[in-house]
Amino acid sequence: PDSKLPALGTTIFSQMSALAQQHQAINLSQGFPDFDGPGYLKQRLAWHVEQGANQYAPMTGVAPLREAIADKTAELYGWRPDAGTEVTVTAGATEALFAAISALVRPGDEVICFDPSYDSYAPAVQLCGGILKRIALQPPAFNVDWRQFREQLSPRTRLVIVNTPHNPSATVWQAEDLQQLWQAIAGQEIYVLSDEVYEHICFADNGHAGVLAHPQLRQRAIAVSSFGKTFHMTGWKVGYCVAPAALSAEVRKVHQYLTFAVNTPAQLALADMLRAEPEHWRQLPAFYRAKRDRFVQALSRSRLEILPCAGTYFLLADYSAVSDLDDVAFCRWLTEQVGVAAIPLSVFCADPFPHKLIRLCFAKQDDTLDAAAERLCRL
Ligand code: GLN
């Protein structure tokens, strides 16, 4: 058929995980833990299945989960959304992002995002007939130049997509960035889609600066998160979005016909987990900081140059001292010859990205990290 997405192939995550499996490489490419989520969460899932909670959930999500999300939001960001009208449970963050983009972007609308950018945004914008304007950020800091951002705004700008903590750069925004964003868009009908799936994996001293903590921005924003990251269960595919009632109503119109509702027993189990063990997410920064530090320490003997990691479970490594290959070829070589799979950064960018950077996932057991570091130290 005449493809609506002619340039699109299989995602880099599927490609690299398949290559890793083929060569039995240690898979630090696609972002997922190689350890299991909390036992309590699994028990609650089994319990709810046993109790017969196996039919459709309400379209917007089960009430106990929406309430628990509202409470968590209040604790983290000092503001409690209305669980009835402002919280929507989705099939992973991916669905929330797609539903939000579909609900807001009309043909010809301009959407701004920052490169490197997570790979699901662009196809969704394209399917809506939107025009994506990608602002390239430069390593190692990947800072936004707010003057350049303002220059990209036009009367056709409809949506800005932000992502903090940021995949793949592992940088985080400060409250100052949110303020800059607000000042740039105030007074115009521009919305913000804030991908905060790593909100609980943020190592900044003053915590995570999320859009929901900003009183003006949150009136224009759709904040997206995912329990896959928070509870080490990426395969459960339960996420959610928080947005003002009028915006949520638009997102729900799409969600209603994209999936209608999300896995019922998983939602109930997640609600129980949030209520019973809030320490899990409160301690997540310390849990992942220890893994990051262990891996960085182990790699200090290698010829890779490790960039600072302020959030997410990804580390960027500069391999300039090791190879002249471009990043895609290097990741293939690394998987096949060294036995460690990683993700090249250029695939997240529209412009040529000549840097020699790869992304390594450290959501792994300590033994996995040690084994991978040993191989990388032989480079
Ligand atoms: N978000 C994960 C990553 O960045 C991958 C998710 C997926 O495979 N679609 O690695």
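Observations, loosely collected:
- Charge tally for TYR40 (other residues, Cβ to Cβ under 10 Å; Lys, Arg +1; Asp, Glu -1): 0.
- Label-point gap, in nm, between LYS4 and ASP293 - each point 7 angstrom along Cα→Cβ: 4.9 nm
- For the chain, a Gaussian network of Cα nodes joined below 10 Å ranks VAL211, VAL338, VAL251 by mean-square fluctuation, and the top entry is VAL338.
- Relative contact order of the range 137-285, pairs being alpha-carbon contacts under 8 Å that are 6 or more residues apart, as %: 19 percent
- For the range 1-30 and the range 269-308, distance of Cα centres in Å: 26 Å
- Unit charges at the beta carbon, dipole of the range 39-277: most positive-side option, SER248, GLN152, VAL192: SER248
- Backbone HN-Hα couplings from phi across the range 254-259 [Karplus 6.51/-1.76/1.60, Hz, Gly and Pro as x]: 7, 3, 4, 10, 8, 10
- Electrostatic tally near ARG282: other residues with Cβ closer than 11 Å to its Cβ, Lys and Arg +1, Asp and Glu -1, net -2.
- Rounded to the nearest 20 debye, the dipole size of the range 39-277 about its Cα centre is 420 debye, using +1 on the Cβ of Lys and Arg and -1 on the Cβ of Asp and Glu.
- Each Lys and Arg adds +1 at its Cβ and each Asp and Glu adds -1 at its Cβ; summed about the Cα centre, the range 299-379 shows a dipole of about 100 debye.
- Highest mobility in the GNM of the chain, judged by mean-square fluctuation with C-alpha springs under 10 Å and restricted to ARG218, ARG156, ARG292, is found for ARG156.
- For the range 190-319, the dipole from Cβ point charges (+1 on Lys and Arg, -1 on Asp and Glu) about the Cα centre works out to 140 debye, to the nearest 20.
- Spatial separation of Cα centroids for the range 47-92 and the range 238-263, in angstrom: 12 Å
- Estimated from helical segments only, the mean residue ellipticity of the chain at 222 nm is -11500 deg cm²/dmol, where each DSSP H run of four or more residues counts as -39500 (n - 2.57).
- Charge dipole (the range 10-156, unit charges on Cβ, about Cα centre) - positive-most of GLY129, ASN143, PRO58: GLY129
- Cα shape, the chain, gyration tensor, a/c 1.5 rule: oblate
- Length released on extending from ALA136 to ASP370, taking residue separation times 0.36 nm less the Cα-Cα span: 80.9 nm
- Of the GluC sites (Glu not before Pro) in the range 120-192, the ones in a loop by DSSP (not H, G, I, E or B) with at most 11 other beta carbons within 10 Å are GLU189.
- Phi to ³J(HN,Hα) by Karplus 6.51 cos²θ - 1.76 cosθ + 1.60 over the range 176-192, Hz, x for Gly, Pro: 4, 5, 5, 5, 4, 4, 4, 4, 6, 9, 3, x, 10, 8, 10, 9, 10
- Percent of alpha-carbon pairs separated by more than 17 Å within the range 84-134: 36 percent
- Three-way shape call for the range 29-75 based on the alpha-carbon gyration tensor, with the a/c threshold at 1.5: oblate
- Prolate/oblate/rounded call for the range 111-260, Cα gyration tensor, a/c under 1.5 rounded: rounded
- Around the amide H of ILE161, modelled in the peptide plane, lie the amide H atoms of ILE112, CYS113, LEU193, all under 5 Å away and 5 or more residues distant in sequence or on another chain.
- Net length available on complete extension from SER14 to ASP205 is 65.3 nm, with 0.36 nm assigned per residue and the Cα-Cα distance removed.
- Remark: the ALA63-SER300 segment gains 80.5 nm on full extension, using 0.36 nm per residue and subtracting the alpha carbon distance.
- Distance (nanometres) between label positions extended 7 Å along Cα→Cβ at ASP71 and ALA175: 2.6 nm
- Cα-Cα over 18 Å, subset of LYS42/LYS364; LYS229/LYS364; LYS291/LYS364; LYS4/LYS237; LYS133/LYS237; LYS229/LYS253: LYS42/LYS364; LYS4/LYS237; LYS133/LYS237; LYS229/LYS253
- Relative contact order for the chain, counting Cα pairs under 8 Å that sit 6 or more residues apart, in percent: 26 percent
- Antiparallel DSSP beta bridges within the range 39-277, percent to nearest 5: 30 percent
- Burial ranking of peptide ranges 299-307, 320-328 (average Cβ count within 10 Å, highest at the top): 299-307, 320-328
- Couplings 3J(HN,Hα) for the range 265-274, derived from phi with the Karplus relation 6.51 cos²θ - 1.76 cosθ + 1.60 (θ = phi - 60°), are x, 5, 5, 5, 5, 5, 4, 4, 4, 4 Hz, where x marks Gly and Pro.
- Ranking of ASP115, ASP367 by count of other Cβ atoms within 10 Å, fewest first: ASP367, ASP115
- Sorted peptide list for 32-38, 359-365, criterion being average Cβ within 10 angstrom, highest first: 359-365, 32-38
- Of the residues LEU5, LEU334, LEU247, the one with the fewest other Cβ atoms within 10 Å heads the list, and the complete ranking is LEU5, LEU247, LEU334.
- Distance between the modelled labels on TRP333 and ARG156, one decimal in nanometres: 4.2 nm (7 Å Cα→Cβ projection).
Just so you know, all these numbers are worked out from the coordinates, no wet-lab data involved. Every value quoted in this text rests on a predicted model; they were computed, and no experiment measured them. Using ideal geometry, Cβ is built from the backbone for each residue, glycine included, and neighbour counts are taken over all protein chains shown.
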